[in-house]
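For reference, the structure is listed below as structure tokens.
Please treat every number below as a calculation from the coordinates, not as lab data. Just so we're clear, the structure is a prediction, and the values are computed from it rather than from any experiment. Cβ placement follows ideal geometry from the backbone for every residue including glycine, while neighbour counts extend to all protein chains displayed.
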Amino acid sequence: MNEDINEQNTENVSEQPSQNTVRDEQIRTEAPHTSVPSGSENGGFYGQNGGSYYHYSYTGANRQTTTVNPYAQNNYNYGYGYNSGYGYQQPQTQPAQQSKKSSGGKIAAIIAVSVAALLIVSLAAFVGGMMFTRGAFTPDVEVTGESSVTADTPSTVPDTAEETQKSPATDPGATVQTGLSEDQLTMTEAAKRTVNSVVEIRTEQTVSGTFMQQYIQEGAGSGVIITKDGYIATNNHVIAGATNIKVILRDGTEYKAELVGTDAQADLAVVKIDATDLSPAKFGDSDKLVVAQTVIAIGNPLGELGGSVTNGIISALTRNVTIENQEMTLMQTTAAVNPGNSGGGLFNMSGECIGIVNAKSSGSGIEGIGFAIPSNTAVKVIEDLMQYGYVRGRVMLGISMLEVFDRYTANRYGVKEYGVYVSSVGDNSDAAKAGIKSGDRLLTINGTEVDSYATAKKLIQACSVGDTAKVSVDRNGTTLDLTVKFTEYIPS
């Protein structure tokens, strides 16, 4: 295998979603609990649905401000905005006034300016490339020490707030309140009964940009109060990577929140605030919903409009939607969903929460297509997070993966074959125990060809605790058949 690839390139894992039709060159990792990439709050993914392409995106809002800007004197302009990433813009170089003595002088000046611009662009690309490929991954080298990828996450970049915040003690007796779906309220009555159960969530995390500038990225989302003493459910992608989480109640009271647990596969998380006498939501039975049933969504659209109520209907009960390489079964609704609505509640006319809003379909000419996690799915995950801090029964292979499906990426990493490569293996992980090594190219899992990172992740998630999986890999031109025995993944 090549010697130019090493495990540290997992810094760049899952920062951008893959597409079904166009392969990218990002290294992918299984995220905590479920071999799911955390993704960014606003990361999009194109999934094929009935022959058409839709842009599904998580609905967390974010904005960013610059905290370190060593290049300010060089006229780099920095901005922030909701639903947009950070960036910089270098003003166009204005050519010096040309001499009128001869056309040859003009041509020479133009050539000089072009060469200078080319050198600047090349230098920027070289620096950016060095930052992206710093370290790459080296075959047969396992990750060690505190940076080990035992949870299938990047070894150097925190993937969830769990890595940067100390989780409070869980409550083994904490449960979700349920309703009976007996009351049929008017829309105003249903909104009045539920609006105090939905909160605003604001987050901060430090991110590094090109040329090592650092930024404070501010995120915004929503949450649903679960218990009177301060357990609150939201989406995993709302709090992923956050170093600071703040909860704002309907009356404007603000609390600092601590992360209790998170599950990337279900895109759910639970945080805790030190409060009493809150207004918890009651959860209904999502299996009893019918298409065209009236619902209301309550959340914090744009990160600034907390407590907003929108209405609509249930458009479909089970949509298989792929978002950032994670296949999810969601409900579809026409209730307006915007950035910042993530983690908010979808309620029926009995005032019961029957879904947790987490995504929308966006694009030119697309409107009225929002998605929510069914309550019957959410309740099981939320209760495990409150009681144990993680979802029981999840398995984890313990590897980071790199997709190579174009000549440029293959040349960059010095590989001859296209495919999905193992970029790093976590210490004491199920993969390490089975003999999988960095640099291996995944061929099949349980007899199914691994043709993408998403396929590998799906095949792993299909396994349960105690299962064995047959994994075939190509190592330096030799095919090896390895056996993985899955154990329950318990986050540290």
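Residues with amide H under 5 Å of residue 337's amide H, sequence separation 5 or more or different chain, H placed in the peptide plane at 1.01 Å from N; which?
HN-HN under 5 Å from residue 337: empty list.
Given the peptides 407-413, 468-474, arrange them by the average over their residues of other C-beta atoms within 10 Å, most packed first.
468-474, 407-413
So who's got an amide H within less than 5 Å of the one on residue 209, skipping anything under 5 residues away but keeping other chains? H placed 1.01 Å off N, in plane.
214, 215
Which of 380/485; 416/485; 192/228 have a Cα-Cα distance over 28 Å?
Pairs exceeding 28 Å: 416/485.
Which whole-Hz couplings ³J(HN,Hα) result when phi for each residue of segment 436-445 is put into the Karplus expression 6.51 cos²θ - 1.76 cosθ + 1.60, θ = phi - 60°, listed in order with x for Gly and Pro?
Using θ = phi - 60°, the values come out as 6, 10, 4, x, 5, 9, 6, 9, 9, 10 Hz.
Taking a temperature of 4 °C and a viscosity of 1.567 mPa s, what whole-number D in µm²/s does Stokes-Einstein yield for segment 282-433 with Rh from Kirkwood over alpha carbon pairs?
It comes out at roughly 72 µm²/s.
Which number comes out as Rg/Rh for segment 334-396 once both Rg and the Kirkwood Rh are worked out on C-alpha atoms?
Ratio of gyration radius to Kirkwood radius for segment 334-396: 1.07.
If you average the alpha carbon positions of segment 381-397 and of segment 228-263, how far apart do those two centres end up, in angstrom?
Spelled out, the Cα-based centre of one part sits 18 Å from the other.
From the gyration tensor of the Cα coordinates in segment 380-468, what semi-axes in whole Å does the equivalent ellipsoid have, largest first, with each one equal to sqrt(5λ)?
Semi-axes from the Cα gyration tensor: 29, 13, 13 Å.
For segment 257-352, list log₁₀ I(q)/I(0) at each q in 0.12, 0.20, 0.22 Å⁻¹, using the Debye formula over Cα point scatterers of equal strength and ignoring solvent, two decimals each.
-0.46, -1.27, -1.42
Go through segment 182-190 residue by residue and turn each phi into a ³J(HN,Hα) via Karplus (6.51, -1.76, 1.60, θ = phi - 60°); whole Hz please, and just put x for glycine and proline.
9, 6, 10, 9, 6, 5, 5, 5, 5
Using modelled amide H (1.01 Å from N, peptide plane; none on Pro or chain starts), what sits under 5 Å from the amide H of residue 244, excluding residues fewer than 5 places away?
204
Each residue of segment 408-423 in turn: what ³J(HN,Hα) in whole Hz from Karplus with 6.51, -1.76, 1.60 and θ = phi - 60°, glycine and Pro shown as x?
4, 5, 4, 5, 4, 9, x, 10, 9, 10, 6, x, 10, 9, 7, 8
Mind computing the radius of gyration and Dmax over the alpha-carbon atoms of segment 233-295? Å is fine for both.
14.6, 40
With the calculation restricted to Cα positions, what are the radius of gyration and Dmax of segment 357-428 in angstrom?
19.7, 49
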